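Below: the structure, in structure tokens.
No lab work stands behind these numbers, since they all come straight from the coordinates. Predicted, not measured: the structure shown is a model, and the values here were computed from it. Heads up, the Cβs are rebuilt from the backbone with ideal geometry, glycines too, and the neighbour counts pull from every protein chain shown.
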Amino acid sequence: MLPVLLAASPAAAPLLRPQEVRALPGRLDGVLMLNDNNPELISGPGILLSTFGGSSHLDVPLNGRFDLFSHHVYAGTPEQPDSTIWLAVVAQPRGDQPVQLSLLSGSTALSQATDGREAQAPFLPLPERMRQDGSTYAGPGSRVATELLLRQRNPDLPKRWTLAPGAPTTLLLLPIPVQGLDPLLNGRNLQLRLQASGPISVATLAAFGEGNKPPSTSALQQLLASGVLSPKEHKPTPRGALGRMVYSRVSGVQVGSTWSAVITDPGQPCLSSTSAPLSWPIASLERGTLGTAQVQTAELKAHYPGTAWAAHGNYGVAYDIRIPLCNRSKSSTELAVALESPLKTDQAIGGLRFNSSPSRSVMFRGTVELSGLDGDASRQSFHLVQRAGAQGPELGRIRLAAGGKRELRVRLIYPADATPPQVLSLLPVKQSPAPPDSLQP
């Protein structure tokens with residue numbers, strides 16, 4: 001008997017949720033951020049990113065407030081199953097006077113710690129929403145962004161350094177080991193908020209030591225002076241080119257560390273609760289503006305050839321959003337707040353599209369902090385794991401009496417390993433009709 005061939009079930013069509021999508025008010029600040037993410041997979045030692053002067057360097061002085069975002073993966077080989085590559089951060093004054101460098105906040109974590117001492121954050125299969133207890137995360141990008149957002153300080157990071165002129169000072173020397181891992185793959189995320197008392201140069205380096213020992217100071221100085229770059233990856237599509245878009249990864253100095261926003265109705269002091277359903281993009285980017293024509297991507301002051309020409313994704317950028325809400329109607333109303341991952345589009349389609357069945361692709365792993373929700377807590381935080389085209393989940397509700405006012409505040413730091421864009425949504429809560437008994441006098 002011939003086998004019966006069953007036709008594959010066609011994929012369910014995405015769902016369109018009719019609503020308005022507005023551009024997010026506000027803008028990025030002017031704080032410089034070293035964005036060190038190309039290569040993501042380190043395949044050899046060399047300079048990862050350098051603002052020093054000369055060839056193979058970006059020659060950008062850093063002074064006052066600036067940030068550092070670094071995210072890399074290292075894969076060992078069967079021939080060297082116990083190898084470790086080291087991530088070094090070095091800095092040097094640009095003049096002949098010492099410079100004080102202070103760490104305002106910072107965190108770092110490995111995907112997997114092999115010694116039981118380093119902070120780690122494996123990619124655990126967490127539920128889509130969990131109340132954040134200060135130690136809930138999936139992946140090093142999720143952990144580092146969470147710790148910064150919740151104002152936690154990594155105790156292993158020094159609070160300050162004195163940079164002597166004439167030679168680079170090693171600020172940090174952090175291992176990315178693969179010994180004992182299967183597969184031989186590990187990653188590290190590092191984010192620093194810094195303040196310098198004078199102009200300095202900063203570089204990140206990838207280097208091997210001897211065995212499991214870290215590289216020496218002289219070895220790092222020689223590597224920096226050599227001008228040898230760690231190989232880059234993913235050549236980007238040129239800006240403005242048509243066809244398929246390859247964003248690539250970033251290796252440069254971006255302009256912007258925090259996006260601050262106050263959301264109201266146009267020309268009004270507050271946002272009317274009747275505006276819902278309403279959403280605003282988070283980390284919108286070229287060809288992914290969700291019909292708003294708003295690209296939130298940070299521009300680059302300088303970057304290496306063959307790497308991204310803008311900071312697509314805004315990794316490490318803090319979003320601080322305030323929404324003064326008001327209920328101008330004559331009856332109470334209730335709104336739900338959500339961070340969502342609609343299907344990416346650049347066109348205005350009369351709303352947002354979502355998958356009708358769950359996707360395997362994770363688009364966001366990170367923490368969102370909210371103030372102003374119903375409940376006793378002044379601040380509430382949730383860790384989210386969102387898949388492509390996922391609606392919600394609801395993060396909380398706001399009930400406003402007739403004529404009532406409330407300010408909602410939403411904070412997040414866009415985490416590494418996320419895929420933009422997301423949206424912040426205010427959704428009306430359908431009111432259930434009162435039971436018959438409650439209508440009796």
Subject >> Neighbour cut-off at most 16 other Cβ (10 Å), DSSP loop, trypsin sites (Lys or Arg not before Pro), the range 357-398 >> reply: ARG360
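Could you sort 320-332, 12-24 so that the peptide with the highest average Cβ count within 10 Å comes first and the rest follow in order?
Descending packing order for the listed peptides: 320-332, 12-24.
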Original post:
So which trypsin sites (Lys or Arg not before Pro) in the range 46-140 are both in a DSSP loop and have at most 13 other Cβ atoms within 10 Å of their Cβ?
Top reply: ARG117
Original post:
Out of every Cα-Cα pair in the range 28-142, what percent are more than 24 Å apart?
Top reply: 44 percent
Original post:
Which whole-number value in Å³ per residue fits the convex hull of the alpha carbons of the range 104-237?
Top reply: 180 Å³
Original post:
How high is the relative contact order of the chain, in percent, counting Cα pairs under 8 Å that sit 6 or more residues apart?
Top reply: 23 percent
Subject >> Cα gyration tensor, the range 291-369 - rounded (a/c under 1.5), prolate or oblate >> reply: prolate
Original post:
For helix 217-226, what angle does its Cα long axis make with the longest principal axis of the chain, in degrees from 0 to 90 and rounded to 10?
Top reply: 80 degrees
Subject >> In Hz, Karplus ³J(HN,Hα) per residue of the range 374-388 (6.51, -1.76, 1.60; θ = phi - 60°; x = Gly, Pro) >> reply: 4, x, 7, 6, 6, 10, 10, 10, 9, 9, 10, 10, 10, 9, 4
Original post:
What order do you get for SER284, SER378 when you list them from fewest to most C-beta neighbours inside 10 Å?
Top reply: SER378, SER284
Original post:
Does the range 294-441 classify as rounded, prolate or oblate by the C-alpha gyration tensor (a ≥ b ≥ c root eigenvalues; a/c under 1.5 gives rounded; else a/b over b/c gives prolate, otherwise oblate)?
Top reply: prolate
**OP:** Of the listed values (1) 30.9; (2) 39.0; (3) 29.9, grab the one calculated as mean projected area of the Cα convex hull in nm² from the structure here.
**Re:** (3)
**OP:** Would you compute the Debye intensity of the range 87-147 from its alpha-carbon atoms alone, equal scatterers and no solvent, and pass along log10 I(q)/I(0) at q = 0.14 Å⁻¹ to two decimals?
**Re:** -0.57
Original post:
Looking at the range 159-251, which trypsin sites (Lys or Arg not before Pro) are in a loop (DSSP not H, G, I, E or B) and have at most 13 other Cβ atoms within 10 Å?
Top reply: LYS159, ARG239, ARG244
Subject >> Projected label distance in nm at GLU299 and SER357, using a 7 Å step from Cα toward the beta-carbon >> reply: 4.5 nm
Subject >> Amide N of the range 321-363 lying under 17 Å from the label point, which is placed 7 angstrom from the Cα of GLU286 along Cα→Cβ >> reply: 345-347
